[in-house]
Amino acid sequence: MGEKRADVLVVTPHPDDAEFGVAGTVVHWVRQGKEVVYIVCTNGDKGTENAKVKPDELAGIRQKEQLKAAKILGVKEVVFLGHPDQGLEDTPEFRKEIVRLIRIYRPDIIVTSDPYRRYIWHRDHRIVGQVTLDAVFPYARDIWAYPDLLEEGLEPHRVKEIWFWASEDVNHRSDITQTFNLKLKALRSHKSQIKETFVAEMEKWLSERARSMAEGEKFKLAEGFHRAEIWW
Ligand SMILES: [Zn+2]
């Protein structure tokens, strides 16, 4: 387990969400020498409109696509938790699974989906954000939260910052002007999700969004987050 370490842990509900949310910033971090690890919580086996592709087959395809995207971005490792798509719940078991990974990788920064987005929001996105936030504080921090993890040698860990993508309360914009093309390239790896005919439209929409996110900043393109620095 000695080699397992990350500066940044990205906890994402489905294959492709992290590319939409944080890929430009990921490349920026990788270029700074930071090690970024992805935790993909579900296998994405229901994310299709094509009834001919069965869930088992789709899960395999989406795993390969996620690995390809991660490689483009320079992500060090991708951990697939393999939960069923649309199947996440805020359970003690899932929370502990995330705590275990935080204590193994010991990141300074965690990035995940904002659980507080209102109204139409995928349930898996809401749950991943909530469970990850709770895992960071207090469960990963507290020594007696999981005596059995302690026995395994997984000591408490204090994450310094948690960043949420898709937030309605953006308080941090990161410069992705130089990395936006790789974000698009990584997104194009998710072929089963993003139809060929939709690519041009999607890229236009993403660049408009990135441009408006950067309004008032010194740079042209941005990803927006709610960034919470933890006081400890
Ligand atoms: Zn998703």
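Compute, for the stretch 1-118, the length of the dipole vector about the Cα centre, with Cβ point charges of +1 (Lys, Arg) and -1 (Asp, Glu) only. Units Debye, rounded to 20.
320 debye
Of Pro115, Tyr38, His125, whose Cα points farthest to the positive end of the dipole of the stretch 10-126 (charges on the beta-carbon: +1 Lys, Arg; -1 Asp, Glu; origin at the Cα centre)?
Comparing the listed Cα positions along the dipole, Tyr38 ranks first.
May I ask you to give the percent of accessible area on the stretch 1-112 that is carbon plus sulfur, with a probe radius of 1.4 Å?
51 percent
Over the chain, give the accessible area per residue in Å² for a 1.4 Å probe, as an integer.
Per-residue accessible area for the chain comes out at 51 Å².
Could you order the peptides 25-36, 205-216 from most to least packed, using the average number of other C-beta atoms within 10 Å per residue?
25-36, 205-216
Which whole-Hz couplings ³J(HN,Hα) result when phi for each residue of the stretch 57-62 is put into the Karplus expression 6.51 cos²θ - 1.76 cosθ + 1.60, θ = phi - 60°, listed in order with x for Gly and Pro?
Result, ordered by residue: 5, 4, 4, x, 4, 5 Hz.
Can you divide the C-alpha Rg of the stretch 134-232 by 2.2 N^0.38 Å and report the result to two decimal places?
1.49
Taking the Cβ of Asp45 as the centre, find all other residues whose Cβ is under 9 Å away and add up their charges (Lys, Arg: +1; Asp, Glu: -1).
Result for the neighbourhood of Asp45: 0.
Quick one: with all protein chains in place, what share of the accessible area of the stretch 157-232 is carbon or sulfur, to the nearest percent (1.4 Å probe)?
49 percent
Set the Förster distance to 22 Å, then compute FRET efficiency between Glu208 and Asn181 from the Cβ-Cβ distance, nearest 0.05.
Between Glu208 and Asn181 the formula returns 0.90.
Mind giving me the nanometre distance, one decimal, between the label points for Leu150 and Asn171, set 7 Å out from Cα along Cα→Cβ?
3.2 nm
In whole angstrom, note down how far apart the Cα centers of the stretch 169-201 and the stretch 217-232 are.
18 Å
Can you check what the Kirkwood hydrodynamic radius comes to for the chain, Cα pairs only, in Å to one decimal?
Result for the chain stands at 18.0 Å.
Scale the Cα Rg of the stretch 84-192 by the rule-of-thumb value 2.2 N^0.38 Å and send over the ratio, two decimals.
For the stretch 84-192, the normalised Cα radius of gyration is 1.22.
How large is the dipole of the chain about the Cα centre if only Lys and Arg carry +1 and Asp and Glu carry -1, each at its Cβ, rounded to the nearest 20 debye?
The dipole magnitude comes to about 700 debye.
Per residue of the stretch 101-108, in order, report the coupling 6.51 cos²θ - 1.76 cosθ + 1.60 (Karplus, θ = phi - 60°) as ³J(HN,Hα) in whole Hz, putting x for Gly and Pro.
5, 4, 6, 6, 7, 6, x, 7
The values are calculated or read from the model by the stated rules, or taken from the named source; none is laboratory data. Bear in mind the structure is a predicted one, so any value in this text is a computation, not a measurement. Cβ sites come from the backbone with ideal geometry, for glycine too, and all protein chains shown count toward neighbours. When the accessible area is computed, the model is the full protein with side chains, heavy atoms only, and any ligands, DNA or RNA have been set aside. Shrake-Rupley method; radii C 1.70, N 1.55, O 1.52, S 1.80 Å.
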